[in-house]
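Q: One structure is given below, represented as structure tokens, and several questions about it will come after.
Taken together, the values in this text are just the output of simple stated rules run on the coordinates, not laboratory data. Bear in mind that the values here come from a model prediction, so they are computed numbers and not experimental data. Cβ coordinates were reconstructed from backbone atoms using ideal geometry, including for glycine residues, and neighbour counts include every protein chain displayed.
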Amino acid sequence: MCGRYFRSSEKQEIAERFRAGKVFEDPLTADYNIAPTTFQPVIRLSRDTGDGDEREMVLLRWGLVPYFATSLKEFKGLTTFNARAESVATSATWSEPFKRRRCLIPADGFYEWAVKGGEARFGAGPKRPAKPQAKGAKQPFAITLTNGEPLAFAGLWDAWKEPKKSPQEVDRWLQSFAIVTTEANEVMAPIHERMPVILHPRDWEEWLDRDESRPPPVHLLRPYEPEAMKAEQCNPAVGNVRNNGPEMLNSA
């Protein structure tokens, strides 16, 4: 799974890296403890211009609410922040977004908690023993690319219209997203059995493509190369969503 990630890049840096022609006006600051139900930047193809290849950066809520939901209570975002790669093509919740509403989630890395007493393999290097942990505690790890570059998760988004209570009410829409996960690679396996799908820049265009005459790119939903990733023990304070800042990446 992927229930927490971080992003240190500034808004302009993200727009330039992903070649987004349209960017939301709201301010954006670095966020070192991103949790479900918060609004985060997402890259997708523009919905409002005649140029179907123009990318836009928009703020969407993490935790997908499908278009067919009858109320927001059905999907609070606490169970739909991840979409399993194995079922995106067949699940009622994910199949439509997978066909035509794919997006990229900018990030600099993500967090995962290891089972107590376990060990984690750091990149392609030797194993390091985990620090002793208190009974019932889990050690958080920050997972990044070894080259220090930002990354992009494979995402799905959807738009839900809130039912009107009266004919006079205006339409109110909620746009939201989920991160696609796949089986863990060799770096992640000692920590958790799942990991987010990380897409190479060469695959961004194919992932975003809305041409329904071509089948959805299932082949891109695979674990990232383990030799290009590293996992490092980080600050246990990251377990509380109220804690934020670059110190979350430091080992206690």
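Q: Which order do the peptides 99-107, 35-43 take when ranked by the mean count of other beta-carbon atoms within 10 Å per residue, highest first?
A: Highest-to-lowest ranking by the protection proxy: 99-107, 35-43.
Q: Test of understanding: what is the full-extension gain from residue 222 to residue 193, defined as 0.36 nm times their sequence separation minus their Cα-Cα distance?
A: Extra length from residue 222 to residue 193 when fully extended: 9.1 nm.
Q: Further question: In this model, which of 11/73; 99/161; 73/161; 22/73; 22/161 are farther than 25 Å apart at the alpha-carbon?
A: 11/73; 22/73
Q: Here's another thing I want to ask about it. Given C-alpha coordinates of the stretch 1-107, what is the ratio Rg to Rh with the Kirkwood estimate of Rh?
A: For the stretch 1-107, the value is 0.97.
Q: If you don't mind, another one. Could I have the simple spin-label model distance between residue 67 and residue 210, label points 7 Å from Cα toward Cβ, reported in nm to one decimal?
A: 1.1
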